[in-house]
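Please read through the structure below; I'll follow up with questions.
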Amino acid sequence: MCLSAVGKNFRKLTFEPMLNFFNLYEFMNMVSWYSENSDKKAENIQKGIGGKINTLKFTFPCNMTTRDDTERIRLFGTGGKLLAALKRLMNNLKNLRRLELIDLMLDPKEAQYLLDEVCQNCYENLKYLCVINTTRVQYTLLHIGVFINLQVLIVSPQNLGDDNIELLCYTNLKHLHILQNRYTPNDVNIKPVSPQSWKKCRQINRVLRVHLQLESMKEKPLIWQKGAPVKTVLYNSPHIGANINQLVMSIELYKNTLQIYGHLNVPRFWSPKSFFNRIDSSLILLLRECPYISTLIVTERISTATVLLLAFTGQNLRYLHIRGNAVIIRNDWPKNNEWSEEFYSWLKVNCKSYKLVEQEVSQILGYQWHFLTDKEFKNLNINLHVP
């Protein structure tokens, strides 16, 4: 009754992870049935249900699949009809502009036909596509290169390959997010796209920007994309901290394109107190070698002197997000031969309190700047699409 009363006004459908697959299956089929029979002249059929839907988000409850192998087999066994209902629903939503399919973990044979109907109906309309963990194993999703007016694409590294990158070259894609989440497998050998394909892509689509993102509750390695026009390297995990290897890799691969680097979330790991074991000098190196960095996010222990040096060193630094509880009041930097006595005196004087640091950084950046509380840091929202 509710669907027939208000269904014609729906603009967005969101299916969050749920345990009751039967209700999910029945609801999707019901929306599809109304859409398929909207042209029939029966009195009991409401017209226009689902016709205005432009956004569909479907997230499979992958947390259920990690309990044990038996549970996973049972769930994937029941996924056949659920997948068919999802494909039927997508076929009936002719005006989709935004589509998100998250953690489906399909067999490659099923993934091969997943977006057939969407490609046929929405290859010109779709602007935003998110397909995270479509398969568990490495499988190149060719369909993602068909949508000629796509602006934003979010995809997992195991579903990228040379073939679909070549297709994406000839679209209007502006932002490619290569995202690894907590369910992206660690036990599968995921091959990055070849540098040759990235080089060709950069030559054809000069506006494309790549964002490497890793979201996980546990430690896992980032899949680096050599030769890609990477604008962002962003970690979101309480158990992954910055280290010299990550920073050096970012410098070596993306020194001329990197604009955003950082670690979100409050760390749950031990952070060294000694200056020589901390990441202070590595962060300064990052800003020196990557002159286009405009946003830096720091969650680990650094000193007040380092905060001042970060603000001073970043040539194009605009947004400096630092978790205040991790900052210690200290000047543990030895005098650099490149520093004048006046500069070193300024550093020593202004690193003695948080208030002085905030005043000096505000003056350098040109707006009222402050250290972030843990609550503010957790709620931090970084706009990766800023030009």
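None of the figures in this text is laboratory data; all of them are computed from the coordinates on show. Worth saying up front: this structure is predicted, and the values here are computed from it rather than measured. Cβ placement follows ideal geometry from the backbone for every residue including glycine, while neighbour counts extend to all protein chains displayed.
Based on the Cβ-Cβ distance from Glu252 to Phe22, what FRET efficiency comes out when R0 is 41 Å, to the nearest 0.05?
Result of the calculation: an efficiency of 0.20.
Please give the helix 341-350 orientation as an angle from the longest Cα principal axis of the chain, in degrees from 0 to 90, rounded to the nearest 10.
60
Further, regarding this structure: In nanometres, what is the gap between the two model label sites at Asp332 and Lys375, each 7 Å from Cα along Cα-to-Cβ?
Taking the two extended label points, one gets 3.0 nm.
Using alpha carbon centroids, what distance separates region 279-343 and region 345-387, in Å?
11
Further question: Using a Förster distance of 45 angstrom, determine the FRET efficiency expected from the C-beta separation of Lys191 and Glu341, and round it to 0.05.
Plugging the Cβ-Cβ distance into 1/(1 + (r/R0)^6) gives 0.25.
In degrees from 0 to 90, rounded to the nearest 10, what is the angle of the helix 69-92 Cα long axis to the longest principal axis of the chain?
70
Nearest 10 degrees is fine. How inclined is helix 354-365 to the longest principal axis of the chain, computing both from alpha carbons?
Between the helix axis and the principal axis of the chain, the angle is about 70 degrees.
Rounded to the nearest 0.05, what FRET efficiency do Ser353 and Val266 give with R0 = 25 Å and r taken as the Cβ-Cβ distance? Could you check?
0.60
In addition: For the chain, what are Rg and Dmax over the alpha carbons, in angstrom?
24.4, 87
Just from its helices, what would the mean residue ellipticity at 222 nm be for the chain, if runs of 4 or more DSSP H residues each count -39500 (n - 2.57) and the sum is divided by every residue, rounded to the nearest 500 deg cm²/dmol?
Rounded to the nearest 500, the figure is -10000 deg cm²/dmol.
According to the square roots a ≥ b ≥ c of the eigenvalues of the Cα gyration tensor, what is the shape class of region 179-313, taking rounded for a/c under 1.5, prolate for a/b larger than b/c otherwise, and oblate for the remainder?
Oblate.
If one computes the Cα centroid of region 105-151 and of region 216-271, what distance in Å separates the two points?
The two parts, judged by their Cα centres, are 27 Å apart.
Please work out whether region 85-226 counts as rounded, prolate or oblate from its C-alpha gyration tensor, where a ≥ b ≥ c are the square roots of the eigenvalues and a/c under 1.5 means rounded, while otherwise a/b larger than b/c means prolate and anything else oblate?
Taking the square roots of the gyration eigenvalues as a ≥ b ≥ c, region 85-226 is oblate.
Please label the shape of region 267-340 as rounded, prolate or oblate, based on the square roots a ≥ b ≥ c of the eigenvalues of the alpha-carbon gyration tensor (a/c under 1.5 means rounded; beyond that, a/b larger than b/c means prolate, else oblate).
Verdict is oblate for region 267-340.
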